[in-house]
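Read-outs throughout are calculated quantities, based only on the coordinates presented, and are distinct from any laboratory measurement. What you see is a predicted model, and the numbers here were worked out from it, not measured in a lab. Methodologically, a virtual Cβ is constructed for each residue, glycine included, from the backbone with ideal geometry; neighbour enumeration extends over all protein chains shown.
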Amino acid sequence: MERYVIVCAIGGAALKFHEKLTSSVCYKFNKKRTKLPAHFTIKAPFETDKIEEAENVLERFSADNRKTPIKLKGYGKFREDVIYMAVEMSPEAKKVHDDLISQLEKIPWMKFKSNEGKNKVFHCTIVSKKIKDNFKDIWKYVCKYPCDFNEYFDNISLYHWEVNTWVLLRKYEFV
């Protein structure tokens, strides 16, 4: 069984901002970086030996869909475990996302937990590894930097877990 994750890679100015802020937070507070570049998750890590079924769905879906607008605006948190850039999906982007989830749900072995299907909290993680000890300081630090970017849900990126990191297997770009 191999391990995979499906995300939308975020680009443009939001990617540059995320890289800079994440590096700064990790350096200043001595925290580990996330292993993926700026993204929002479509399907959390899963294991399969039948990835071709998912690849076929992603291939067809990306050929049939167009990029849609999203906003990265402000910050949010999950408990004192995760600090993230908030992702606001336009109605069009939310529809594309939900249609994709519907297609992926047709794959018999692919299961979605309640927090990762159509009603997930869309977010782009800045830091999440062992941050409880200085969560409040990190939160205060992050909030000093305005976050307001217009970007696109314009790809589906499939990553494969190899030698302790995620490696891009394929980026399916929307037309």
| task | Sort Cys26, Cys8 so the one with the fewest other Cβ atoms within 10 Å of its own Cβ comes first. | result | Cys26, Cys8
| field | 5 angstrom amide H check on Leu169, placed H, neighbours 5+ away | value | Leu158, Tyr159, His160
| Convex hull (Cα only) mean projected area of the chain, reported in nm² to one decimal | 9.8
| field | Packing-based order for 19-25, 68-74, using average beta carbon neighbours within 10 Å, highest first | value | 68-74, 19-25
| query | So, in nm, how far is label Lys35 from label Lys94 when the simple model puts each one 7 Å beyond its Cα toward the Cβ? | reply | 3.2
| field | Dipole in debye (nearest 20) - segment 23-175, about Cα centre, beta carbon charges: Lys, Arg +1; Asp, Glu -1 | value | 840
| query | Fewest first, what order do Ile83, Ile101 take by the number of other Cβ atoms within 10 Å? | reply | Ile101, Ile83
| In whole Hz, what ³J(HN,Hα) sequence does segment 106-116 give by Karplus (6.51, -1.76, 1.60; θ = phi - 60°), x for Gly and Pro? | 6, 6, x, 8, 8, 10, 10, 6, 4, 8, 10
| How far, in degrees from 0 to 90, does helix 91-105 lean away from the longest principal axis of the Cα atoms of the chain, to the nearest 10? | 60
| field | Vicinal HN-Hα couplings computed from phi for segment 10-27 (Karplus, 6.51 cos²θ - 1.76 cosθ + 1.60; Hz; Gly/Pro x) | value | 8, x, x, 5, 5, 5, 4, 4, 4, 4, 5, 5, 4, 4, 4, 4, 5, 5
| field | Charge-dipole axis of segment 2-173 as Lys and Arg at +1 and Asp and Glu at -1 on Cβ define it, positive-most pick from Asn115, Val167, Leu21 | value | Leu21
| With axes computed from alpha carbons, what is the tilt in degrees of helix 51-64 against the longest principal axis of the chain, rounded to the nearest 10 within 0 to 90? | 90
